[in-house]
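Structure record follows, encoded as structure tokens.
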Amino acid sequence: MQKRLGFALMAVFIFVAMVAPATGKCATPTYSIQAIRYGVSPDVPISELVVGGPNTKIDIAMVVWLIRGGGHNILFDSGFHRETFLKEFPMKDYLRPDEAVKLAGVQPDEITDVVISHAHWDHMGGIDLFPKAQVWIQKEEFRYYTGDAWQPGGDHGGIDPEDVKELVQLNTQGRLHLVDGDNVEMFPGIRAYTGSRHTYASQYLRVEGDPLFVLASDNCYLFLNIAKHLPSATFTDADHVANLAQQKRMVELAGSPDRVIPGHDLVQFEKFPTQGRVAKIK
């Protein structure tokens, strides 16, 4: 009996040794990615988004991305919901982001993590809608917009003071995680990369898998940016070169320009299988 048990245990050990990665780390989870459109901003001139783009007006998507796998329901960006911005920037087909994620089959309190690409109102304004989520933001983004941005000479354009209060409160509750710099693995197979100066310290994500994808958020507005090698228009003139370099890097990280998902392009809901507001990227 002992001999048979010994052989059985040895077989288990051999199997584990064969399937475990050489590094000793767990295998990368299989992630799904869905783009969720919670609204549409109408009649935006392309020239306001793309340097050298035409003055043609288009509707742009207001989007959050849901990444599921490895026991996590990760939301990349959180949208917005405050009346201040709904009045200032009228939306078509608006649905509060916590209601929109339900259409992908996830309840707001089932969101485990919210990763913020940058602190602008339409990307960080929904962090209070997901009550159990851990929130992730670049360390320098947090430092600047909770401090220097509001001092003389600071730049807090596009940042909602209410969002800043939420960030500070999350920090005191132990629910805020500061991502320290470039090429940081946040979850197995999901890495954060620092972007250009769209805000003080924006970030984008690379999600491994077959195939893998890069979620650019506002580090690249439209597929047109990459197709025509044109920088984003809201970056300062001095940062246009850096923005182009980041777009090139995103394509290299993704392995194909088709696997870089821009922040506001409605085409992602035409390019990928879509039901209603939800596009299945992978």
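Observations, loosely collected:
- The modelled label-to-label distance between Arg96 and Asp43, using points 7 Å beyond Cα along the C-beta direction, is 2.8 nm.
- Unit charges on C-beta of K, R, D, E only; dipole of the chain, Debye: 1280
- Alpha-carbon centroids, the stretch 256-277 and the stretch 61-109: separation in whole Å: 16
- Under 5 Å between amide hydrogens, built in the peptide plane, is the criterion, and for Val115 it picks out Leu75, Phe76, Asp77, Trp136 among residues at least 5 positions away or on other chains.
- When the solvent-accessible area of the chain is split by element, carbon and sulfur atoms take up 55 percent of it, the probe being 1.4 Å.
- Using only side-chain charges placed at the Cβ, +1 for Lys and Arg and -1 for Asp and Glu, the dipole size of the stretch 68-218 relative to its Cα centre rounds to 120 debye.
- Listed by number, the DSSP H helices of the chain that run 18 Å or longer by alpha-carbon position along their axis and have mean Kyte hydropathy of at least 0.0 are 2-19.
- Short-range pairs are left out: with C-alpha atoms under 8 Å and at least six residues apart, the relative contact order of the chain is 18 percent.
- Under 12 Å of direct C-alpha separation, and excluding same-chain neighbours fewer than eight residues apart, Lys165 reaches these aspartates and glutamates: Asp128.
- Most fluctuating residue given options Asp258, Asp113, Asp43, as computed from a GNM of the chain linking Cα atoms under 10 Å: Asp43
- Rounded, prolate or oblate (a/c below 1.5 giving rounded, otherwise prolate when a/b exceeds b/c) for the stretch 84-182 by Cα gyration tensor: oblate
- Counting only DSSP beta bridges with both residues in the chain, the antiparallel share comes to about 70 percent.
- Taken over the chain, the convex hull of the Cα atoms encloses 157 Å³ per residue.
- Whether the stretch 186-231 is rounded, prolate or oblate, judged on the alpha carbon gyration tensor where a/c under 1.5 counts as rounded: oblate
- Sequence-ordered 3J(HN,Hα) estimates for the stretch 229-238 from the Karplus curve with 6.51, -1.76 and 1.60 and θ = phi - 60° stand at 6, 10, x, 6, 6, 7, 6, 5, 3, 5 Hz, glycine and proline given as x.
- For a straight C-alpha distance cut-off of 19 angstrom, the lysines reachable from Lys271 (same-chain residues fewer than eight places away being disregarded) are Lys228, Lys280, Lys282.
- Cα-based shape type of the stretch 153-244, given that a ≥ b ≥ c are square roots of the gyration tensor eigenvalues and the cut on a/c is 1.5: oblate
- Net charge, Gly255 excluded, C-beta distance under 15 Å - Lys, Arg +1, Asp, Glu -1: +2
- Residues in the stretch 153-282 average 44 Å² of solvent-accessible surface per residue, probe 1.4 Å, ligands and nucleic acids excluded.
- Environment charge at Gly209 (Cβ cut-off 11 Å; Lys +1, Arg +1, Asp -1, Glu -1): +1
- Charge-dipole axis of the stretch 125-177 as Lys and Arg at +1 and Asp and Glu at -1 on Cβ define it, positive-most pick from Gly125, His156, Thr172: Thr172
The values are calculated or read from the model by the stated rules, or taken from the named source; none is laboratory data. Values in this document were obtained by computation on a predicted structure and should not be read as measured data. Reconstructed Cβ throughout: ideal geometry from the backbone, glycine too, with neighbour counts over all protein chains shown. Keep in mind that these areas ignore ligands, DNA and RNA; they rest on the heavy atoms of the full protein, side chains included. Shrake-Rupley method; radii C 1.70, N 1.55, O 1.52, S 1.80 Å.
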